Amino acid sequence: MDAEVKTSKLKLDVELYTSKDFNAKRRHAILGTMGDNPGVSEPTLDEQIAAYQREFRDLDPQVEKIVSALSRLNRRMNVAYGRQTAALGISNAEWEVLKALVLSGAPYRMGPSDLAKRLGLTPAAMTHRIDRLVAEGLVTRERDESNRVRVIVELTDEGREKWLEAMRLATVFEEDLLQDLSADERGVLGEVLTRLLRRVEHAQPDAGGRLSDLD
């Protein structure tokens, strides 16, 4: 497909997805199909907790319901975001690199080693991601003029636009996800989850990355 035609179609898809007139069933499809696997029925949270209690009598069902719900929600959200980035022609792994560069602030530059540390990746895995993004025109990789030993990865205009397109899709999905919560409930939920995150970060400060590279 011609690059210009492909870009126009992509922008049209984003506009359609975010349009107020977008068919509600299609907008919610990503929520309704997350984790679907024909022929395999995942137990409900209550069924899972009952099975755990049968095998491990010291289990606190209240605690288990919270952590299991968080785990399932995280898994399904990752699937949803993966489908969205795939629709834009990139992977979640590539989007993470674009996000890290955006968060670094203008001019959106970082060294490969800094990116690897930020994302919890090995240098080899980071190089693999950068190779793909350079080939796609979403980042550049050049020698630092002031230090020829140092390599600089910089976000391109196309890369920043790709990040923005992903954010537009994510915003619609996240509003759908939280639509049943009031503003006060969202505020309380945000505070509670932040407290849990801080506790984990304090207890395991080195757990920001991955146990192994998946890509």
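Throughout, read-outs are computed from the coordinates displayed, never taken from laboratory work. Treat the numbers as computed from the prediction; the structure is a model and nothing was measured. Cβ coordinates were reconstructed from backbone atoms using ideal geometry, including for glycine residues, and neighbour counts include every protein chain displayed.
With the highest mean first, a sort of the peptides 115-127, 178-190, 92-104, 65-77 on other beta-carbon atoms found within 10 angstrom per residue produces 92-104, 115-127, 65-77, 178-190. Evaluating 6.51 cos²θ - 1.76 cosθ + 1.60 at θ = phi - 60° for every residue in segment 66-73, the Karplus couplings come out as 5, 5, 5, 5, 4, 5, 5, 4 Hz, glycine and proline recorded as x.
Taking a ≥ b ≥ c as the square roots of the eigenvalues of the Cα gyration tensor, an a/c ratio below 1.5 marks segment 94-155 as rounded. Using a simple spin-label model with pseudo-atoms 7 Å out from Cα toward Cβ, Thr122 and Leu193 lie 3.2 nm apart.
For Val151, the residues 5 or more places off, or on other chains, whose built amide H falls under 5 Å of its own are Asp144.
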